[in-house]
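For reference, the structure discussed in these notes is given below.
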Amino acid sequence: MEDKSREELREAAQLLLEHRWVLRREMPEAYFLVRKHEKKLREFFRDKCGWPLLVNTRFYKLEKIPAEPRSFMGFPEMQSVGDYTLLCCVMAFLEEQDVDGQFLLGDLCEALLSFYPQEDAVEQLSWESYNWRKSLIRIMRFLLDKGILRAVEDESEAFLAKGMTAEGNPEGEALYEVTVLARSFLRSYPKDIKSYEDVRALCGAAMVSDGSEQESEGVRERRQRIYRSLLLEPVFYQQEAGAADFSYLRNQYKRLRGELEEVIDMDLELYRDAAMLVSHDRNAWFQDIFPVRMKGFHDVILHISHALRASEKDLKHLVWSVQEMETFLSNLRAAIGHGWTKELRELGGEKLTQMILEEMKGWGMAQQDENGLIHLMPALFRLSGAYPTDYQPEKAKAGGKSGGGE
């Protein structure tokens with residue numbers, strides 16, 4: 001493959017991985033780039049990941065189904081299980097609407113009362129509750145932001161503040177239009193969703209193949225689980241993957257590394273108990289990367305790694321209580337925090353600890369068990385950072401300055 005064509009294929013693959021949809025109207029260059037390499041992309045993701053590539057005259061969508069669901073894969077806008085449940089009910093309502101058709105907020109509110117589960121264990125849906133109204137408006141704004149809906153007229157703030165009239169209509173009405181994206185937001189299953197035993201079965205339900213009989217179903221599913229984990233998770237740990245999957249990865253390492261470098265332009269790094277995809281060139285197509293120069297949290301994490309690597313502690317079995325982590329961060333801030341951002345320098349110890357911990361957990365650098373103990377993971381020590389030798393604290397700016405990444 002020529003260098004230009006290879007680079008185009010890599011960019012197209014990363015665009016599909018980075019975006020929920022590649023929209024023709026909003027992203028014409030990206031859309032036609034994917035279209036140019038559609039056949040190769042469809043074959044690669046179908047064979048390696050078991051992911052179908054959805055094709056529409058208005059968009060492309062790669063169905064990125066994880067091997068295992070992780071907390072960081074959720075929507076930040078959704079604040080509770082009730083939000084997710086209500087979102088699914090709204091999507092059920094939208095399935096009954098025509099593409100480019102319109103509906104009123106009042107009609108949606110009425111339909112949701114019948115769609116929402118009414119089991120004893122579930123809180124009763126009622127528009128008299130401000131929290132339920134706030135949840136619905138949060139979901140509608142989420143769908144508007146994702147392009148699933150368009151607002152024709154929107155006075156829903158009055159509904160949020162006052163609820164329903166005596167006649168059962170929203171105090172503030174809104175008119176929405178359904179876009180073509182509503183048909184592909186939730187993925188479909190080959191059989192009734194109630195027939196699946198657990199979440200893992202749901203994740204595996206969409207695994208597809210090219211119909212080849214050259215390998216067993218078990219081998220194909222194992223390969224697809226591994227590719228899904230490598231592409232969607234920051235780290236692939238042996239203890240989470242299982243001995244058989246990690247053994248397959250180790251045995252097929254050279255082949256997997258070549259395939260991923262060819263199509264995704266990422267380098268597969270394999271360690272004794274972990275594997276991860278890294279980009280040495282910091283590709284611009286991926287937005288969520290570590291470390292981000294302007295994200296102060298990442299400076300702190302690099303400093304944590306450097307301080308621990310410089311200590312004589314056994315990095316393989318480091319466990320902290322939340323209080324121990326707070327104390328460590330307090331001491332670290334006192335010693336070198338003059339280069340951190342103003343926000344992190346002034347943040348309370350408990351809040352700082354929680355925010356740093358959540359960021360580390362999202363990147364697979366820490367795990368917290370049922371007792372609240374924090375287990376520091378190998379990914380934390382993949383990079384570390386310290387101030388340059390010529391760094392002068394008195395000249396530090398509010399943004400902070402870190403360097404010396406390894």
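See the values below:
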{"read-out": "log₁₀ of I(q)/I(0) at q = 0.09, 0.17 Å⁻¹ - region 228-371, Debye sum with one point per alpha carbon", "value": "-0.35, -1.08"}
{"read-out": "Mean separation of Cα contacts under 8 Å (6+ apart) over length of the chain, as relative contact order %", "value": "14 percent"}
{"read-out": "Cα gyration tensor shape of region 1-144, rounded if a/c is under 1.5, else prolate or oblate by comparing a/b with b/c", "value": "prolate"}
{"read-out": "Hz values of 3J(HN,Hα) by residue in region 247-254 - Karplus curve (6.51, -1.76, 1.60), Gly and Pro given as x", "value": "5, 4, 4, 5, 5, 9, 4, 4"}
{"read-out": "Of Gly385, Gly168, Gly258, the one that fluctuates the most in a GNM where the chain has Cα springs shorter than 10 Å", "value": "Gly168"}
{"read-out": "Additional length obtainable on full extension of the chain from Glu18 to Gln252, 0.36 nm per residue less Cα span", "value": "81.6 nm"}
{"read-out": "Extension reserve of the Thr165-Glu259 stretch, reckoned as 0.36 nm per residue once the Cα distance is removed", "value": "27.8 nm"}
{"read-out": "Cleavage-rule hits, trypsin sites (Lys or Arg not before Pro), region 127-188, DSSP coil, Cβ neighbours within 10 Å at most 16", "value": "Lys146, Arg187"}
{"read-out": "Tensor-based shape of the chain (alpha-carbon gyration tensor, a/c under 1.5 rounded, otherwise prolate or oblate)", "value": "oblate"}
{"read-out": "Whole-number percent relative contact order across region 1-158, with pairs defined as alpha carbons under 8 Å at least 6 apart", "value": "15 percent"}
{"read-out": "Region 107-208: C-alpha gyration tensor shape, a/c 1.5 cut-off, then a/b vs b/c", "value": "oblate"}
{"read-out": "Cβ-derived FRET efficiency at R0 60 Å, Glu2 paired with Arg138, nearest 0.05", "value": "0.80"}
{"read-out": "For region 19-25, Karplus couplings with θ = phi - 60° (6.51, -1.76, 1.60), whole Hz, Gly/Pro x", "value": "10, 5, 10, 9, 8, 5, 6"}
{"read-out": "GNM result for the chain, Cα springs below 10 Å: residue of Gln367, Gln238, Gln287 fluctuating most strongly", "value": "Gln287"}
{"read-out": "Region 246-355: GluC sites (Glu not before Pro) in DSSP loop, at most 14 other beta carbons within 10 Å", "value": "Glu312"}
{"read-out": "Between region 221-269 and region 293-316, the Cα center-to-center distance that results, in Å", "value": "26 Å"}
{"read-out": "Hits among lysines - C-alpha to C-alpha of Lys61 under 16 Å, sequence gap 8 or more where chains match", "value": "Lys36, Lys39, Lys40, Lys146"}
{"read-out": "Accessible surface of the chain, 1.4 Å probe, proportion on carbon and sulfur as whole %", "value": "48 percent"}
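The values are calculated or read from the model by the stated rules, or taken from the named source; none is laboratory data. In this text the structure is predicted, and so the values were computed from the model without any measurement. All Cβ positions, glycine included, derive from the backbone under ideal geometry; neighbour counts span all protein chains shown. Quick note on the areas: whole protein, heavy atoms, side chains included, nothing else; ligands and nucleic acids left out. Shrake-Rupley method; radii C 1.70, N 1.55, O 1.52, S 1.80 Å.
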